[in-house]
Amino acid sequence: MASVSNNGRQSSVPGTNPLNSPPAGVVDLARSVQDSIARVMVGNSAETELLLVALLCEGHVLIEDVPGIGKTTLAKALARSLSCSFSRIQFTPDLLPSDITGTSIYNQRTGEFETRRGPIFSQIVLTDEINRSGPRTQSALLEAMEERQVTIDVETVPLPRPFMVLATQNPVELEGTFPLPEAQLDRFLVKLSIGYPSEDDERGIIRRFREADPLSDLQPVAGPDEIISAQRAVRAVYVSPVVEGYIVQVIRATRRHDAVELGASPRATLALLRTSQALAAIQGRDFILPDDVKRMAVPTLAHRVMLGSRTRLRGRNNAAVVAEIVESVPVPVENAV
């Protein structure tokens with residue numbers, strides 16, 4: 001299979017659209033933000049790229065990792081690099097929905113109720129250990145993520161743009177937690193893990209933070225308007241029928257695999273499309289390649305599928321199963337001319 005250019009010839013790359021113009025400003029924005037975050041974070045270039053992909057897709061990120069890895073530092077570095085407002089919410093068992101969204105307070109002086117906005121009204125929101133709070137509080141956050149607005153009493157207030165939630169989970173301490181159900185996990189565009197640094201990177205962390213915190217001197221390299229413009233450009237990235245079919249086949253393969261009890265939803269299809277568009281734009285292309293789909297499949301789909309009990313007992317995890325599924329789907333290639 002191959003795409004066809006405007007002169008009737010087959011393009012050399014499946015999915016190419018020569019009529020499109022390059023994604024304006026996306027490459028420069030991505031490079032500037034990555035370089036800025038790299039002044040604080042040592043290594044983690046792949047994780048930074050995934051954050052940018054989610055940001056450009058107007059999506060949210062779930063980070064599952066142990067404490068002390070640098071999740072908060074990464075979120076703060078992203079917010080400062082983008083000149084965005086930042087708030088951090090520590091999820092605890094006694095946290096109420098109003099602690100996140102805000103509430104109405106009666107002002108005795110004016111005799112009227114005043115809306116007090118909660119910490120959700122920031123452009124970059126870090127929610128630490130989201131599984132520590134009960135379902136009601138989790139639902140309040142996830143509703144705001146999906147609708148991009150908050151209802152306080154009878155007033156509906158839109159959230160700022162750009163808006164992105166970075167939620168963290170600790171995979172080790174599970175006692176007293178409320179795991180997110182699959183329907184709520186599906187609201188996160190991507191899931192990632194930072195992981196322990198290599199020996200060289202850990203030495204680099206010591207040297208970088210030995211005398212001062214580089215985060216305190218970090219300067220913005222882009223503003224909200226540039227982000228919104230880049231988000232529009234990403235949606236214009238071309239998707240050929242060949243690559244479109246490949247995305248659908250990958251999704252449908254998750255529903256047929258023996259190890260999977262619940263496959264990816266149509267929302268996952270759109271998520272894989274959007275993240276592939278963003279990755280292509282970051283790399284300076286105005287069209288998606290099958291390799292973009294393969295690269296984004298695990299972070300986009302692994303948390304959206306439910307493995308069967310036998311598969312879990314054998315010690316296999318979601319990421320490994322999704323990677324296996326992707327490898328089993330034939331990659332589209334160009335027909336011989």
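Just to be sure, is Thr311 modelled with pLDDT of 90 or more and outside the structural domain of Ile124 (by TED's automatic domain parsing)? Here the answer is no, as Thr311 does not meet what is asked. Scanning the range 264-274 for residues that are in a loop (DSSP other than H, G, I, E, B) and touching a Leu at 6+ places or on another chain (Cβ under 9 Å) turns up just one, Ala264. Total residues in the range 44-69 satisfying the condition of being buried (at least 20 other Cβ atoms within 10 Å of the Cβ) and part of a loop (DSSP other than H, G, I, E, B): the figure is 4. The set of residues in the range 307-322 that are out of contact with any Lys or Arg (no Cβ under 8 Å at 6 or more places or on another chain) and crowded, with 16+ Cβ neighbours inside 10 Å comprises Gly308, Thr311, Asn318, Ala319, Val321, Val322. Of the residues making up the range 274-301, just one is surrounded by fewer than 22 Cβ atoms within 10 Å (Cβ to Cβ) and under 22 Å from Glu182 (Cα atoms), namely Val298. For Arg232, are the conditions met, namely being in a helix (DSSP H, G or I), of a type in the set (Lys, Arg), within 29 Å of Leu272 (Cβ to Cβ) and out of contact with any Pro (no Cβ under 9 Å at 6 or more places or on another chain)? Judged against the criteria, Arg232 is a match.
Screening the candidates Ala230, Ala271, Ala320 for the property of being closer than 19 Å to Leu189 by Cα, of a type in the set (Gly, Ala, Ser) and modelled with pLDDT of 95 or more yields one hit, Ala271. The residues of the range 24-43 that are surrounded by fewer than 22 Cβ atoms within 10 Å (Cβ to Cβ), touching a Gly at 6+ places or on another chain (Cβ under 9 Å) and either under 25 Å from Ile206 (Cα atoms) or of a type in the set (Asp, Glu) (or both), listed by number, are Val42, Gly43. The criterion of being outside any strand (DSSP E or B), assigned by TED's automatic domain parsing to the domain that holds Glu226, over 18 Å from Pro181 (Cβ atoms) and of a type in the set (S, T, N, Q) does not hold for Ser104.
The number of residues in the range 262-314 that are closer than 19 Å to Leu29 by Cβ and among the small types (Gly, Ala, Ser) comes to 5. Tell me which residues, restricted to the range 83-126, are surrounded by fewer than 20 Cβ atoms within 10 Å (Cβ to Cβ), under 19 Å from the mean Cα position of the chain (by Cα) and without any contact (Cβ under 8 Å) to a residue 60 or more places away in the chain. Within the range 83-126, Phe86, Ser87, Arg88, Phe121 qualify. The single residue among Ala183, Ala167, Ala222, Ala233 that is crowded, with 16+ Cβ neighbours inside 10 Å, under 21 Å from Val305 (Cα atoms) and among the small types (Gly, Ala, Ser) turns out to be Ala167. Selection over the range 107-128 of residues that are under 16 Å from Met164 (Cα atoms) and assigned to a loop (DSSP other than H, G, I, E, B) gives a count of 6.
The values are calculated or read from the model by the stated rules, or taken from the named source; none is laboratory data. Since this is a predicted model, take the numbers as computed values, not measurements. Ideal geometry is used to build each Cβ from the backbone, glycine not excepted, and the neighbour counts take in all protein chains shown.
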